[in-house]
1. Among the residues of region 160-173, count how many are under 17 Å from the mean Cα position of the chain (by Cα) and at negative phi.
2. Mind listing whichever residues of region 156-175 are surrounded by fewer than 24 Cβ atoms within 10 Å (Cβ to Cβ) and either of a type in the set (V, I, T) or closer than 21 Å to A127 by Cβ (or both)?
3. Does region 126-133 contain any residue that is assigned to a helix (DSSP H, G or I) and among the aliphatic types (A, V, I, L, M)?
4. Any idea which of (1) in contact with a His (Cβ under 7 Å, 6 or more places away or on another chain); (2) at positive phi is the one Q25 doesn't satisfy?
5. Counting only residues that are touching a residue at least 60 places away in the same chain (Cβ under 8 Å) and either basic (K, R) or closer than 24 Å to V121 by Cα (or both), give me the helices (runs of 4 or more DSSP H) lying completely in region 1-105 with at least 3 of them.
6. Consider K135 carefully, then state whether it is touching a helix residue (DSSP H, G or I) at 6+ places or on another chain (Cβ under 9 Å), over 30 Å from R47 (Cβ atoms), surrounded by 15 or more Cβ atoms within 10 Å (Cβ to Cβ) and among the basic types (K, R).
7. Considering region 106-115 alone, what residues qualify as being in contact (Cβ under 8 Å) with a residue 12 or more places away in the chain and not aliphatic (A, V, I, L, M)?
8. Go through region 93-141 and give me each residue that's hydroxyl-bearing (S, T, Y) and at pLDDT below 95.
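The values are calculated or read from the model by the stated rules, or taken from the named source; none is laboratory data. Because the structure is a prediction, the values reported are computed rather than measured. Neighbour counts run over all protein chains shown; Cβ positions are idealised from the backbone, glycine included.
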Amino acid sequence: MTGPVRVKICGLTRPADIAAVVAAQAAYVGLNFFPRSPRHVIPQVAREIALAAPPGLGRVGLFVDADNALYDSVLDEVPLDFLQLHGAESPERMADLRARYGLPLIKVVGISDADDLPVLVEFGRVADILLVDAKPPRGAVLPGGNGLAFDWRLIAGRRWLCPWMLAGGLTAENVAQAIRMTGARQVDVSSGVESAPGVKDAARIAEFVRAATGALA
């Protein structure tokens, strides 16, 4: 992927947050439909947020091992452009979701050491975008959004069969270094632009996007 670094601001919980995302010129906005997350939104609120997004801002729905009933209830109400799969979804489940809903799929893969890298190759064959995240600690309640980074040297200079995005513990202070070290052209942030869990901060969003998009300047 060429061009400027693209930023995804994930876990919006309020329609008013869209203004900060748009002003910062992020490329994607994420809506979390995992009930155990502090960033979980019900479909009615997610619909307001999604409808407030201007054309060109990718609207991503985050799901964790969801059944078709949940996907149906969300997609009946919320206009989404991508499905982000943050659980143990198999390539076969991904094929089923693509066929059922006709939306591109972002597959999250957690990394902690070199033993996890082959999974990226496997999912790179079936995902539209890979999201390379830090593997959650053992016993963690959340599969992501824990504010943890992994050793970026593990993926430095690597490429897969589809575009990819870097996540995990990114902040305005470290995102430029992460981009330069890994070669990422897309980055994802949630807790790194919050004043409290689930509460996005407009100034932090702007600072993060500036740091990410200026990393390769």
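1. Residues that pass the stated criteria total 9.
2. Scanning region 156-175 gives A156, G157, R158, R159, W160, L161, C162, P163, M165, T171.
3. Among the residues of region 126-133, not one is assigned to a helix (DSSP H, G or I) and among the aliphatic types (A, V, I, L, M), which makes the answer no.
4. (1)
5. Hits in region 1-105: none.
6. Yes; evaluated as a whole, the condition is true for this residue.
7. So in region 106-115, the residues in contact (Cβ under 8 Å) with a residue 12 or more places away in the chain come out as 106-114.
The answer is K107, G110, S112, D113.
8. Answer for region 93-141, where residues must be hydroxyl-bearing (S, T, Y) and at pLDDT below 95: just S112.
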